[in-house]
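The values are calculated or read from the model by the stated rules, or taken from the named source; none is laboratory data. This structure is a prediction, so every number in the text was calculated from the model and none was measured. All Cβ positions, glycine included, derive from the backbone under ideal geometry; neighbour counts span all protein chains shown. Just the protein is used for accessible areas: all its heavy atoms, side chains included, with ligands, DNA and RNA removed. Shrake-Rupley method; radii C 1.70, N 1.55, O 1.52, S 1.80 Å.
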Amino acid sequence: MNLTIENILLVGSLLLFVSVIVGKTSYKFGVPTLLLFLGIGMLAGADGIAGIYFDDPKIAQFIGIVSLNFILFSGGLDTSFTSVKPIIREGMVLSTLGVLLTALSLGTFVWFVTDFTIHESMLLGSIVSSTDAAAVFSILRSKSLALKNNLRPTLELESGSNDPMAYVLTIAFLTLVVHQDKSILSIIPLFLQQMILGGILGFAFGKISKLIINKIKLDFEGLYPVLVIALMFITFSATDFIGGNGFLAIYICAVYLGNQELIHKKTILKMYDGLAWLMQIVLFLTLGLLVFPSQVFPYMGIGLLISVFLIIVARPLSVFISLMFFKMELRRRFYISWVGLRGAVPIVFATYPLLAGIDKANMIFNIVFFISVTSIIIQGTTLSIVAKWLNVALPEKEKPISENDKFILDLPKSAMQEFVILPNFYAINKRIVDLNFPHSAFIVMVKRDGVYIRPGGSTEIKENDLLMIIADNQDDFEQVNDTLKRLFV
């Protein structure tokens, strides 16, 4: 079956429907949902049951980049700076030095066991050098796996921030493969430019985005998530146009926004949570359609050899060297080594050699695809088991709830109190979003001149307003009172 304008919506919606239904029950059998999505795409592909012929790496790459924008942005929004602050150094070292060491060690191994040139070997190593944000976010959150000692923030920070490093290495070594007259030293300026500009512009766009979201007055609440989507793509594309790393920029921008007071933040977070799942499904279905299993089979032997080396040697080696200067229990290092999930990102990066038209592009793509599938099967299905073996998992009853989860879930509060806004209060004529209101308390209703008003982030507090506030406990109301009076910032 060839995809046409007439049937693409029907086929796409049916595949999406099947993916959601199958994914709903997949974890009862210990199978990661992402693997199911990939499998459904393969079954629907040219070598599968439906026989849908899709062989366009350029479209697949475009879908991959768009999907990664949503996945990384959603992961950044859900990253609490309070939780990552204690482990930010470890996470950043893993996402930079760790990725580089993985690429170099795996590339060297590929050079020894294949007929690839050194640059082609390093290219393959670079493509699979990063842990996949889609896979890590999806599997950790789907399993609701709670880990001890800041392990989960470490893993999510690494997976969310290491794709830019892998992308730069991929582009750099691809350049060396295409332009064999260039030296490896010539890629250093490209690396520095991508990472420095990506970091600076990501933070700058984060501050600009917060200002725009909170200052602009839109008539409909539903337009605010649309505004954030526009800002997300502007951040990525503008950074990429200037020469920075767009993936790093949108992640930093999202982390900044996720830790700020935003108008209609709950609506934005809920929408991105759903969109991230949609993009993961679309991404894995697309990549499943793109691959031809009959072309993968000839490379299963070498693919398995490289995959085993990556899981058993390259990933642990890079983790242990990267973390050698940090105080960390041995079992934590082993678990971080095991959660080196490869997923959709390496497959997306593997489309770059295809579009560049290098000699071994098809071989690289099929080997990378096999490595990603192997990683999800071996590591993705055993995260909970290995966590229990290494005693790094928290008991079910001790699983903490993140700040954003509390914000989204509308968890019931145990205390309520009314506050009257007196003439000398700082809060007068201030919007709720600008008050730095305690995260543990919410204004649920405002009574003004005998009329009840449903408050939002843009609602201005007026003199003599009666605020009905709910909080976790009575102690929180002292902080509320100080906030309204501006006894602290």
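Every residue, every condition in (1) under 25 Å from the mean Cα position of the chain (by Cα); (2) over 21 Å from G303 (Cα atoms); (3) in a helix (DSSP H, G or I); (4) modelled with pLDDT of 90 or more, yes or no:
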residue: L106; (1), (2), (3), (4): yes, no, yes, yes
residue: H119; (1), (2), (3), (4): no, no, yes, yes
residue: S130; (1), (2), (3), (4): yes, no, no, no
residue: V136; (1), (2), (3), (4): yes, yes, yes, no
residue: P153; (1), (2), (3), (4): yes, yes, yes, no
residue: T170; (1), (2), (3), (4): yes, no, yes, yes
residue: F173; (1), (2), (3), (4): yes, no, yes, yes
residue: K182; (1), (2), (3), (4): no, yes, no, no
Considering only the stretch 258-375, give the helices (runs of 4 or more DSSP H) lying wholly within it that have at least 1 residues that are surrounded by 21 or more Cβ atoms within 10 Å (Cβ to Cβ).
265-290, 300-309, 315-322, 330-338, 344-349, 351-356, 361-375
Anything in the stretch 215-233 that is under 16 Å from L77 (Cα atoms) and either open to solvent by 60 Å² or more (accessible area, probe 1.4 Å) or not hydrophobic (A, V, I, L, M, F, W, C) (or both)? List them, or say none.
Y224, P225, V226, F233
Based on what the data block shows, is I377 under 25 Å from the mean Cα position of the chain (by Cα) and more than 18 Å from E158 (Cα to Cα)?
yes
Residue under question is I49, and the condition is that it be outside any helix (DSSP H, G or I), of a type outside the set (D, E) and modelled with pLDDT under 80; does it hold?
yes
Looking only at the stretch 402-433, which residues are closer than 22 Å to T79 by Cα, crowded, with 16+ Cβ neighbours inside 10 Å and either at pLDDT 70 or above or not hydrophobic (A, V, I, L, M, F, W, C) (or both)?
S402, E403, N404, V433
So, I187, is that one in contact (Cβ under 8 Å) with a residue 12 or more places away in the chain and either touching a strand residue (DSSP E or B) at 6+ places or on another chain (Cβ under 7 Å) or assigned to a helix (DSSP H, G or I) (or both) or not?
yes
Quick test of your reading of the structure: V446 fulfils all but one of (1) buried (at least 16 other Cβ atoms within 10 Å of the Cβ); (2) modelled with pLDDT under 80. Name the failing condition by number.
(2)
Cβ pairs under 8 Å, 6+ apart or interchain, first in the stretch 199-213 and under 20 Å from D163 (Cβ atoms), second open to solvent by 60 Å² or more (accessible area, probe 1.4 Å) and among the β-branched types (V, I, T), ordered by first then second residue, are L201/I242; F205/I234
In the stretch 155-184, what count of residues is obtained for those that are without any contact (Cβ under 8 Å) to a residue 12 or more places away in the chain and among the β-branched types (V, I, T)?
1
